[in-house]
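See structure below.
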Amino acid sequence: MSNTKNTAQLVLNTSANLLGFCLVVITSLHISNFTTGHWIDEITLVVAFFLTLSNVLSFYVIRKIETPQARVAERWSEFFFMAALVGILIAISLITFNFIR
């Protein structure tokens, strides 16, 4: 198995787990009515969107024969994954430093 597919499998596995966590957070925020007047809901939604894009692109890379398009898809998948990680860092920082109560 090529390095591209190995990386795509790792990104797919991790981003799928993080996406599930984001969906639990979004659901919990809505159930507790905590979303009113807070940015955490919007940040989590953007993170979930980026993770979904990363999942789709990683799955595409795994299913495709190694082509230039698969390499481009892998780079985009990694970009969206890293953007989601930055979004998670921002959300955690906002909560930790009490910018969101």
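The values are calculated or read from the model by the stated rules, or taken from the named source; none is laboratory data. In this text, all values refer to a predicted model and were calculated from it rather than measured experimentally. Every residue, glycine as well, gets a Cβ built from its backbone with ideal geometry; the counts of neighbours run over all protein chains shown.
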In segment 86-101, which residues are crowded, with 17+ Cβ neighbours inside 10 Å and under 10 Å from the mean Cα position of the chain (by Cα)?
Gly87, Ile88
Residue among Val72, Val24 that is modelled with pLDDT of 90 or more and either among the acidic types (Asp, Glu) or surrounded by fewer than 17 Cβ atoms within 10 Å (Cβ to Cβ) (or both):
Val72
Being assigned to a helix (DSSP H, G or I) and loosely packed, with under 15 Cβ neighbours inside 10 Å is the requirement here; does Asn33 meet it?
no
